[in-house]
1. If I stretch the segment between R176 and Q107 completely, what's the gain in nm (0.36 nm per residue apart, minus their alpha carbon distance), one decimal?
2. Among V82, V30, Q97, pick out the residue whose Cα is farthest towards the positive end of the charge dipole of region 26-112, where Lys and Arg carry +1 and Asp and Glu carry -1 on C-beta, about the Cα centre.
3. What does the C-alpha gyration tensor say about the overall shape of region 86-144? Classify as rounded when a/c is under 1.5, otherwise prolate if a/b is larger than b/c, or oblate.
4. Please turn the phi angles of region 167-184 into ³J(HN,Hα) values with the Karplus equation 6.51 cos²θ - 1.76 cosθ + 1.60 (θ = phi - 60°), one per residue in order, whole Hz, x for glycine and proline.
5. Under a Cβ-only charge scheme (Lys and Arg +1, Asp and Glu -1), can you give me the dipole magnitude of the chain about the Cα centre, in debye to the nearest 20?
6. Rounded to the nearest 0.05, what FRET efficiency do A162 and R15 give with R0 = 35 Å and r taken as the Cβ-Cβ distance? Could you check?
7. At 222 nm, what value in deg cm²/dmol follows for the chain if DSSP H runs of at least 4 each add -39500 (n - 2.57) and the sum is divided by all its residues, to the nearest 500?
8. What's the center-to-center distance, using Cα atoms, between region 176-204 and region 2-77 in Å?
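The values are calculated or read from the model by the stated rules, or taken from the named source; none is laboratory data. Small disclaimer: the values here were computed from a predicted structure and weren't measured. Heads up, the Cβs are rebuilt from the backbone with ideal geometry, glycines too, and the neighbour counts pull from every protein chain shown. For the accessible areas, the whole protein counts, side chains as well, though only heavy atoms, and no ligand, DNA or RNA atoms are used. Shrake-Rupley method; radii C 1.70, N 1.55, O 1.52, S 1.80 Å.
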Amino acid sequence: LEWRYLEIHDVLDSRLDAFLNHFPEPRFQVERHPPTPCPFLKLTDTWDAYLATRPRPRMRREIRHDLRTLERLPSLRRTSVVDDSELQISTLLALWQGRWGALPERQLTQYRAIFRSCLEYGCLWLDILWDRDTPIAGLLAFLDHKQRSFCFYITGFDERYAALSPGTVIVAHAIREAIRGGYRVFDFLRGDEPYKFALGAEVRQTENVTIHRATDQEPRELV
């Protein structure tokens, strides 16, 4: 298979330079692109230690207040992916779309397949908070057991509950559960949104590279 260029995105690996050395000029041209900010949070041993040392003061007060407020809701309940995986996945995707807009059915099918596969291999975390039978907020993460990393992927909440700060609550809930599970890192993945740093995240950069192959023929593309 002939290829014209190969794109490599979001690499966080010290071996990248050694890999790129296998593509020397003039046969190849290596083009580096601006890095992607990927904040991460170093977790403490306990939830109390996290609250005392990681969030910014205002966020610390908001977390305590918002958790207490929501947890006092008489009909509040929590379900996890092991309770009913299909319901959990469908509910989370509905909350996500309600927050950010509808997705094509083909894309939703792909997401469901990925999530089911991760669940089968024991590397999916998904919790939903409910007001009786109404989902309030949900969050899905991928679990890296070897690196003890909790990788926050998508979240969503019902706008009708905005006064209860469900977005803050569901992320704080996930951080608390990650600490309880013995994870050492809460990885926010891509994006440098301010709330991540208010929660105590530090920034790191992943690398993005395109490898161009020199050829006199008209090859296929491999992306």
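1. Details: separation 69, 0.36 × 69 = 24.84 nm, distance 3.06 nm.
Between R176 and Q107, full extension yields an extra 21.8 nm.
2. Most positive-ward Cα: V30.
3. Values: a/c = 2.07, a/b = 1.17, b/c = 1.77.
It is oblate, given that a/c is not under 1.5 and a/b is not larger than b/c.
4. x, 5, 5, 5, 6, 4, 4, 5, 4, 4, 5, 5, 4, 4, x, x, 6, 9
5. The dipole magnitude comes to about 900 debye.
6. After rounding, the FRET efficiency stands at 0.20.
7. The per-residue figure over the chain is -11000 deg cm²/dmol.
8. After rounding, the separation between the Cα centres reads 7 Å.
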